[in-house]
1. Taking the Cβ-Cβ separation of residue 232 and residue 212 as r and a Förster radius of 25 Å, what is the calculated FRET efficiency to the nearest 0.05?
2. What is the magnitude of the charge dipole of the stretch 7-228 about its Cα centre, with +1 placed on the Cβ of each Lys and Arg, -1 on the Cβ of each Asp and Glu, and no other charges, expressed in debye to the nearest 20?
3. So which trypsin sites (Lys or Arg not before Pro) in the stretch 131-174 are both in a DSSP loop and have at most 15 other Cβ atoms within 10 Å of their Cβ?
4. What full-extension length gain, to one decimal in nm, is calculated for residue 73 and residue 103 as 0.36 nm per residue of separation minus the Cα-Cα distance?
5. Just need the relative contact order of the stretch 1-69 here, percent rounded to a whole number, with Cα pairs under 8 Å and 6+ apart.
6. For every other residue with a beta carbon closer than 15 angstrom to the beta carbon of residue 99, add +1 if it is Lys or Arg and -1 if Asp or Glu, then tell me the sum.
7. Report relative contact order for the chain in percent, whole number only (criteria: Cα-Cα under 8 Å, sequence separation at least 6).
8. Using Cβ counts within 10 Å as a stand-in for footprinting exposure, how do 27, 63 rank, fewest first?
Amino acid sequence: MNLKGKNILITGGSSGLGKAAAKELIDRGANVAITARNKEYLKNTADELNCLGINADVSKEEDVLRTYKTFLDKFGSLDVLINNAGLGRGWTTIDEVALEDLEYVFRINVFGAALMAREAAKLFKEQNHGNIINIGSTAATKGFERGTVYAGSKWAIKGMTQCWQAELRKHNVRVMLLNPSYVPTAFGSEDKVQKEEEENKLTASEIAHGIVTMLEMENRGFIPEFSVWATNPF
């Protein structure tokens, strides 16, 4: 797919992977909108990248509907949804897991992604084309100690991706899952301070390039699942 002129919506786009993806896609001529819950960070990033910023919380259905209305009022149609909004919390063993952490993480990582995809699917089925990229995690390929809450949410994303592939492929819609391993970003930071890059870890740029690679494949094919690991993270 030629990205020039394509209309792309990225959730959680004010920092980290979402911001890096937005920049790469804008550099290739795409029309991009990003969403974020924090108005200040959203405005700063939207101004920096010269893209549309939509203040929204994907876990709230009214925000999801308003996001699509704002996006379509601006661009008229949607070509790509990138479900990037996500967070981690509740890094405990199973005997210490709190319902509050499960509900909080799943509302954003899982329910939010499903609500965003629901509205995208309606548009894509009507126009008989479209793309959804879900940002998962290598935590969706192998569980780990104290990962019940976060890994559970990413396994849910993996499962939903496969369901949507089965449902939407016949409508010429490509649904893809991208699993990054650890990337130092503002992920998990309450103050949204960007972590310093580490020489032996991935950067947001590698994941952004992965997103571009998946989208630029000709529409006759798609990559169902794509995992990106640091070569030697130790």
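Bear in mind these aren't lab numbers, they're just calculated from the coordinates by the rules spelled out. It should be emphasised that the depicted structure is a prediction, and the values quoted were computed from it without experimental measurement. Note that each Cβ is placed from the backbone with ideal geometry, even for glycine, and that neighbours are counted across all protein chains shown.
1. Once rounded, the FRET efficiency stands at 0.55.
2. Here the size comes out at about 720 debye.
3. Within the stretch 131-174, the qualifying trypsin sites (Lys or Arg not before Pro) (loop, at most 15 other Cβ atoms within 10 Å) are 142, 146.
4. 7.6 nm
5. Working: 110 pairs, mean separation 19.5, N = 69.
Worked out over the stretch 1-69, it gives 28 percent.
6. Working: positive: 89, 107; negative: 95, 96, 100, 101, 103.
Surrounding charge for residue 99 is -3.
7. On the way: 454 pairs, mean separation 48.5, N = 234.
Worked out over the chain, it gives 21 percent.
8. The fewest-first ordering by Cβ neighbours comes to 27, 63.
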